[in-house]
Structure formats: C-alpha cells, structure tokens
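The values are calculated or read from the model by the stated rules, or taken from the named source; none is laboratory data. Model, not experiment: these values are computed from the prediction. Cβ placement follows ideal geometry from the backbone for every residue including glycine, while neighbour counts extend to all protein chains displayed. Only protein heavy atoms, including side chains, enter the accessible area calculation; ligands, DNA and RNA are left aside. Shrake-Rupley method; radii C 1.70, N 1.55, O 1.52, S 1.80 Å.
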Amino acid sequence: MVSESVPLQPEPIAAPATAGKARPVVAWGMTVMLVGVMLIAYLDKAILGLVAQPAMADLGLTAAEFGAISSAAGLLGPLSVFLYALVADRLPVKTTLFTVVLIWCLLQLPVFFAASGGLLLATRFLLGLAEGPATPTAYATAYSWWPNERRGLPTALLTTGASFGKLLFAPPLALIIAAFSWEAGFLAVAILGLAWAVGWLFVGREGPYGQAVSTKARPEAPAAPGPRAPIRAILLTGTFAGFVLANSAAAMIAIVVLTWLPSYFQVGLGFSAVTAGSLFGVPSIAAMVFLYGCGAWSDRLLKRGTTARRARGLMGGAVLGLGGVFLAALPLASGVAFPMGLLMLGYGLAMTVNAMTNPALVQIAPVSQQRSVLSIGLAVTGIVAAGGPLLTGRVLDSARATGALGEGYTTIFALMGGIAIVGGLLFALVVNPERDAAKVEAARLARERRS
C-alpha cells in the first residue's frame with residue numbers, strides 16, 4: 001500500500017477553537033485508564049465462557065440455553081445505546097462511565113449469592129442495558145485526547161482491552177473458579193470493576209479535542225453545542241454502512257469466542273478446565289500485535305498523505321477478510337498446534353478492523369455529534385451480533401446429538417470466518433471517509449442556509 005500524492009483531508013468540523021494540545025503523558029495516561037473500562041466490560045462477558053462447562057452441568061442447561069443467556073446481554077444493550085445516543089453529547093463522561101461500571105459490579109453479586117439459570121438470564125439482560133453507553137463513551141473520550149491522524153493507535157489500545165483482560169485476568173479467574181466455585185468468578189469481576197470505578201472518579205475527564213470546557217468550579221461542564229449535521233445525512237453514508245457491516249462481523253466473532261472458546265479447548269482439544277482458562281487469552285496475543293501494528297501503520301499513512309479511504313477502508317477490509325479465511329479453514333486442521341495457530345491468526349486479524357472502523361466513522365461526524373453517532377453505530381452492531389451465541393449454541397446442540405461435539409466447535413468458528421470474509425469485502429467497497437465527510441458537511445451547510 002503506497003501513499004497518494006494528495007493532502008490529508010481534515011475532519012468536516014474542527015475541534016473547538018479553545019482546544020489546545022494535550023501533553024502526551026496525560027493523553028496516554030487517560031487512554032490507558034479508558035482501556036480499563038474496556039477490560040472490565042469484556043471480563044463481564046468472558047466470565048460466562050470461563051464458567052460455561054461447570055455452570056451448564058450445575059444448572060442443567062443445554063448449549064442453546066447457555067448461548068441464549070450469553071446473547072441476552074446483547075439484546076437490551078442496543079436499546080440503551082439508542083437511548084443514550086439522544087443525550088450522549090450532553091452528558092459528562094466522568095459520571096457516565098462511573099455509573100455504568102458501578103452498575104456492572106452490582107449485577108455480578110446476585111449470581112454469587114443465589115445462582116440459577118433464570119438469575120443468570122435476568123442479570124445478563126440488565127448488564128447489557130447498563131453496558132450499552134460504555135463503549136461509545138470510552139472511544140469518544142479517548143478521541144478527545146488525540147487529533148484525527150493519531151487515533152489509530154489509541155483505538156488499537158482500547159480494542160485490546162479485551163485481550164488484556166483475557167491475558168491478565170483469565171488465568172487467575174480460572175484458578176478462583178477451580179479452587180472455590182464458578183459463582184466466585186462473578187464476585188472477583190465485581191471487585192475488579194469497583195476498583196476501576198473509584199480510580200476513574202478521581203482522574204477521569206475529557207480531552208482538548210472533545211467538547212467539554214474545563215473550569216475549576218465545574219470540570220465536567222458541557223460546552224455550548226457545536227455545529228451539527230442532519231443525522232440522516234451521516235447514517236446514509238457508505239462509511240456508516242461499512243462500519244455496521246464490519247463491526248457486526250467482528251463483534252459476533254468476539255462474543256462467540258468469549259462464550260465458547262474455553263469449552264472448545266476442553267472438549268475439542270482435550271485441555272483441563274484450568275488450562276483452558278489459562279489459554280483463553282492466547283488468541284488475543286495475535287490481536288494485540290496486529291492491532292498495534294496496523295493501528296500505527298494506518299496513522300503513519302495518514303500523516304504521509306494517504307487518504308483514509310486507503311489507510312482505513314481498504315486496510316480494514318483486508319484484515320477482516322483475511323482473518324475470516326483463517327477461521328474458515330479451522331475444520332481442515334488437526335492436532336493442537338495447527339488449530340491454535342489458525343485461531344490466533346483468524347481472531348487476531350478480524351479484531352484488527354476495529355482500529356479502522358471507529359476512527360473512520362468519527363472522521364465524518366461533527367465533533368458535537370461523535371458520541372451519538374458512535375452510539376447509534378454500535379447499537380445497530382449490537383443487535384446483529386447478539387444472535388451469535390444463540391445461533392452457535394443450536395449448532396453445538398445438533399453436533400452433540402450426533403456425537404460430534406468437537407467438530408461442532410470448529411463448525412461455529414468456520415461460520416464466523418465466512419461472516420468475516422463478507423464483512424471485510426463490503427467494508428473495503430463502501431467506506432470512504434473523505435467523500436462522506438464532504439457530503440455530511442454539505443448537508444450541514446444546506447440546513448444552516450435553510451434555517
């Protein structure tokens with residue numbers, strides 16, 4: 001991929017004139033802090049994967065029923081994100097993130113004290129409702145600390161919050177579950193989330209490329225509304241459509257991996273429960289390498305003058321599609337090392353698309369609408385991705401009935417690979433931030449002239 005000899009296209013609406021450059025140490029510190037909320041959010045989902053086998057045995061659940069419980073978190077999540085989108089750009093980020101994480105922590109506790117299938121389902125529904133605003137708020141807050149051409153690497157860092165969670169905390173969680181009970185895992189996640197929430201309450205704030213106006217008296221006071229484009233003009237762009245298609249594919253892969261990967265390690269590859277939990281984060285190693293590499297490369301291309309159409313659209317489609325190819329090949333693999341290698345490459349490359357999708361979408365939206373536009377995009381993504389565990393649970397039940405449960409796991413990952421191939425191809429075809437930013441700006445100016 002080579003640079004084009006055209007100038008870098010700016011965002012359609014510049015950051016507020018009062019914004020100054022953030023000190024790099026502060027910007028990176030806040031970005032790392034925001035990685036924490038992504039880590040906690042994914043641990044809230046990953047805990048189901050770690051307890052899948054003992055919980056199904058203890059509660060008498062089928063794979064389809066357990067998959068429905070995992071899908072439950074994604075059913076109300078999109079609704080909460082849609083509602084949040086209506087007020088996202090007017091709410092203080094500190095209070096928003098503190099509140100949602102505190103709710104997550106409280107929702108883990110009932111399972112520890114009185115576990116049942118119904119309670120798991122109910123708390124997952126409510127957890128999804130609370131989690132909805134977290135992801136768009138975390139990404140938009142991180143972007144408020146960085147200009148457009150430096151957002152690829154911070155995006156990669158936030159996206160790898162899931163990887164950090166699985167690598168750092170999945171092994172000790174697996175030990176806690178083995179030593180005490182599967183319910184104890186939920187208590188451990190609640191304690192970890194509470195620690196983050198307290199820290200964020202002291203240090204969290206929005207950066208100079210956002211819209212908050214910091215004052216000594218009210219550090220979270222919102223700025224006056226900036227220029228706003230018709231939301232319909234943003235949602236009808238190819239970049240928004242590509243964001244939904246690619247993010248839906250990646251999100252479905254992520255939630256299926258979170259739900260079933262430890263079970264595949266146990267049933268398909270023959271590992272013990274503790275070993276399976278310890279290996280849970282291994283495919284994420286590749287995701288971290290690819291995310292940081294491609295995120296930094298995308299930023300570098302933009303600084304050199306390459307269009308976002310190439311640096312984000314074509315690159316994002318390529319990594320997602322290639323990841324799908326590796327996952328689709330999983331049924332052809334035998335042994336242990338070969339399947340693990342395909343999982344690492346497939347999952348790692350597929351997750352890398354997030355380093356391109358979020359910055360591409362934010363680039364076409366006015367600063368005053370970035371949180372709401374991200375919220376809407378992620379809500380649609382959540383609706384599509386929520387069916388992944390339920391669908392794959394039915395596939396696993398069918399495989400169990402025929403005595404081929406191990407092959408059932410490779411089938412569901414191959415299915416996810418096919419979805420990634422289609423999503424990557426469509427993302428590469430329709431995403432064009434420069435073109436769509438100009439369309440959105442033209443729509444904004446036309447509305448101003450009419451008013």
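General remarks:
- Top-ranked residue of the stretch 89-105 - restricted to ones that are of a type in the set (S, T, N, Q) and at pLDDT below 85, ranked as nearest to MET38 (Cα to Cα): THR96
- Wholly within the stretch 99-164, helices (runs of 4 or more DSSP H) carrying at least 3 residues that are open to solvent by 10 Å² or more (accessible area, probe 1.4 Å) and farther than 19 Å from ALA190 by Cα: 152-159
- Residue check for ALA333: closer than 26 Å to SER70 by Cβ and in contact (Cβ under 8 Å) with a residue 60 or more places away in the chain: yes
- The residues of the stretch 111-163 that are of a type in the set (A, V, I, L, M, F, W, C), under 13 Å from the mean Cα position of the chain (by Cα) and within 30 Å of MET56 (Cβ to Cβ), listed by number, are ALA134, ALA162.
- The number of residues in the stretch 332-365 that are within 26 Å of GLY270 (Cα to Cα) and polar (S, T, N, Q) comes to 1.
- Condition check for SER278: assigned to a helix (DSSP H, G or I), open to solvent by 30 Å² or more (accessible area, probe 1.4 Å) and of a type in the set (S, T, N, Q): yes
- Close pairs (6 angstrom Cβ cut-off, 6 or more residues apart or separate chains): open to solvent by 10 Å² or more (accessible area, probe 1.4 Å) in the stretch 246-275, outside any helix (DSSP H, G or I) anywhere: LEU269/VAL336
- Candidates GLY295, GLY305 - the one that is open to solvent by less than 20 Å² (accessible area, probe 1.4 Å) and outside any helix (DSSP H, G or I): GLY305
- Any hit, the stretch 54-75, residues being under 30 Å from PRO147 (Cα atoms), hydrophobic (A, V, I, L, M, F, W, C), modelled with pLDDT of 75 or more and assigned to a helix (DSSP H, G or I): no
- Count of the stretch 390-408 residues which are open to solvent by 20 Å² or more (accessible area, probe 1.4 Å) and either among the small types (Gly, Ala, Ser) or not in a helix (DSSP H, G or I) (or both): 6
- Only one of the numbered conditions (1) on the phi > 0 side of the Ramachandran plot; (2) open to solvent by 30 Å² or more (accessible area, probe 1.4 Å) is not met by ALA328, and that is (1).
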